[in-house]
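The values are calculated or read from the model by the stated rules, or taken from the named source; none is laboratory data. This is a predicted model, so every value here is computed, not measured. For neighbour counting, all protein chains shown are included, and Cβ atoms are generated from backbone atoms with ideal geometry for every residue, glycine included.
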Amino acid sequence: MQLALWRCFYKSAIKHPGVLVVAILDDLCLAGKPADVFPAFDTLNKLASERNIPIQLEKCEVLMPKEETASVTESVQRYQFKQAKGKLPILGTVVGLDTNMKMNWIKSKIQSWQPIFDIIF
């Protein structure tokens, strides 16, 4: 199944060159302008469905643009994606335009590792 999933990722990427596709195992991040990203997700969803590969829509989340438009809101609601504002943790890091929110996320991650640091050092 992993190879079939990667083929879906690859085909979505080549059909939508304006979208950055980053995948680690079965986790995928699509980055770009909403007008490009949502059609890329539609392609991915269609390809996966044709191959009986489930996409866990309940795990999908969108970093909302500063200025939301009706088309973005409609796309998010159509799939019932979770919405993040300001920052979005993805693939082990955080992205977004709100510097304070990103810094607070980083600080909380570092603090959560303190017990390990205490053992090591």
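Per this entry, residue 76 is not counted among residues that are within 14 Å of the chain's Cα centre (by Cα) and not assigned by TED's automatic domain parsing to the domain that holds residue 23.
For region 43-121, give me every one of the strands (runs of 3 or more DSSP E) that falls completely inside it and has 1 or more residues that are closer than 16 Å to residue 32 by Cβ and of a type in the set (Phe, Trp, Tyr). Can you show your working first?
Details: elements: 61-63, 82-84, 88-90, 93-95.
Correct list: empty, since no element meets the threshold.
Here region 8-36 is the region considered, the condition is being among the β-branched types (Val, Ile, Thr) and either part of a helix (DSSP H, G or I) or modelled with pLDDT of 80 or more (or both), and the residue that is surrounded by the fewest Cβ atoms within 10 Å (Cβ to Cβ) is 14.
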